[in-house]
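Asker: Below you will find the structure I want to go over with you.
The values are calculated or read from the model by the stated rules, or taken from the named source; none is laboratory data. All values reported here derive from a predicted model rather than from experimental measurement. Neighbour counts run over all protein chains shown; Cβ positions are idealised from the backbone, glycine included.
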């Protein structure tokens with residue numbers, strides 16, 4: 001049975017599209033399905049941020065065809081694991097859960113890393129180097145998570 005993983009950030013244009021693209025490149029698509037969403041509906045129907053597209057492309061990953069969408073409660077039924085990029089988004093998702101089973105699906109992407117804050121920083125208001133740093137953080141986390149899926 002295929003494991004279904006959802007990556008979630010705020011707007012679904014920077015971090016979660018990168019996480020979706022990176023994890024898709026690491027796992028076997030016959031074993032793992034990966035998608036992404038945002039807790040805010042600011043960019044529904046749009047492509048990821050051009051800076052995310054560019055940093056992914058520089059690493060050989062094409063995320064340009066992804067379409068931003070908002071997280072909804074049906075995602076609890078559709079996905080086995082829901083990775084939040086930071087504590088704010090984690091809490092937003094947990095607050096939508098209606099039971100313990102749904103809550104137990106939600107985790108911080110960096111929960112098992114050596115980063116003490118367990119937060120993937122939001123590069124949206126930073127420069128180009130912020131997207132590179134975030135790519136590296138997410139890539140390391142995805143490599144670790146892929147071993148667990």
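Asker: Please tell me if residue 23 is touching a residue at least 40 places away in the same chain (Cβ under 8 Å), surrounded by 15 or more Cβ atoms within 10 Å (Cβ to Cβ) and within 26 Å of residue 136 (Cβ to Cβ).
Answerer: Yes: the conditions hold for residue 23.
Asker: Just the residues that are in contact (Cβ under 8 Å) with a residue 40 or more places away in the chain and farther than 17 Å from residue 145 by Cα, please, taken from segment 74-123. Don't jump to the end; show me each part of the working.
Answerer: Taking segment 74-123 as the starting set, the residues that turn out to be in contact (Cβ under 8 Å) with a residue 40 or more places away in the chain are 75, 78-86, 88-89, 92-93, 109, 120, 122-123.
If the condition is that a residue be in contact (Cβ under 8 Å) with a residue 40 or more places away in the chain and farther than 17 Å from residue 145 by Cα, then 75, 78, 88, 89, 92, 93, 122, 123 are the ones that fit.
Asker: Out of 131, 135, 76, 71, report the one residue that is surrounded by 13 or more Cβ atoms within 10 Å (Cβ to Cβ) and in contact with a strand residue (DSSP E or B) (Cβ under 7 Å, 6 or more places away or on another chain). Break it down stepwise before answering.
Answerer: Working: 131 fails: in contact with a strand residue (DSSP E or B) (Cβ under 7 Å, 6 or more places away or on another chain); 135 fails: in contact with a strand residue (DSSP E or B) (Cβ under 7 Å, 6 or more places away or on another chain); 76 fails: in contact with a strand residue (DSSP E or B) (Cβ under 7 Å, 6 or more places away or on another chain).
Going through 131, 135, 76, 71 in turn, just one is surrounded by 13 or more Cβ atoms within 10 Å (Cβ to Cβ) and in contact with a strand residue (DSSP E or B) (Cβ under 7 Å, 6 or more places away or on another chain): 71.
Asker: Looking at this structure, is residue 124 under 17 Å from the mean Cα position of the chain (by Cα), outside any helix (DSSP H, G or I) and crowded, with 16+ Cβ neighbours inside 10 Å?
Answerer: Working: under 17 Å from the mean Cα position of the chain (by Cα): yes; outside any helix (DSSP H, G or I): yes; crowded, with 16+ Cβ neighbours inside 10 Å: yes.
Considered against the rule, which asks whether it is under 17 Å from the mean Cα position of the chain (by Cα), outside any helix (DSSP H, G or I) and crowded, with 16+ Cβ neighbours inside 10 Å, residue 124 comes out as yes.
Asker: Right, next: So, in segment 87-101, exactly how many residues are surrounded by fewer than 22 Cβ atoms within 10 Å (Cβ to Cβ) and in contact with a strand residue (DSSP E or B) (Cβ under 9 Å, 6 or more places away or on another chain)?
Answerer: The total comes to 5.
Asker: If we scan segment 51-62, do we find a residue that is surrounded by fewer than 18 Cβ atoms within 10 Å (Cβ to Cβ) and under 14 Å from residue 138 (Cα atoms)? Before the answer, list the steps.
Answerer: Of all residues in segment 51-62, those surrounded by fewer than 18 Cβ atoms within 10 Å (Cβ to Cβ) come to 54, 57-60, 62.
Cutting the leftovers down to under 14 Å from residue 138 (Cα atoms) gives us 59.
Looking for residues that are surrounded by fewer than 18 Cβ atoms within 10 Å (Cβ to Cβ) and under 14 Å from residue 138 (Cα atoms), one finds at least one in segment 51-62, hence yes.
Asker: I would also like to ask the following. For segment 11-113, please list each of the helices (runs of 4 or more DSSP H) lying entirely inside it that holds at least 2 residues being more than 14 Å from the chain's Cα centre (by Cα), at pLDDT 95 or above and farther than 24 Å from residue 129 by Cα.
Answerer: On the way: elements: 15-26, 50-58, 75-78, 87-96, 100-103.
The qualifying helices (runs of 4 or more DSSP H) are 75-78, 87-96, 100-103.
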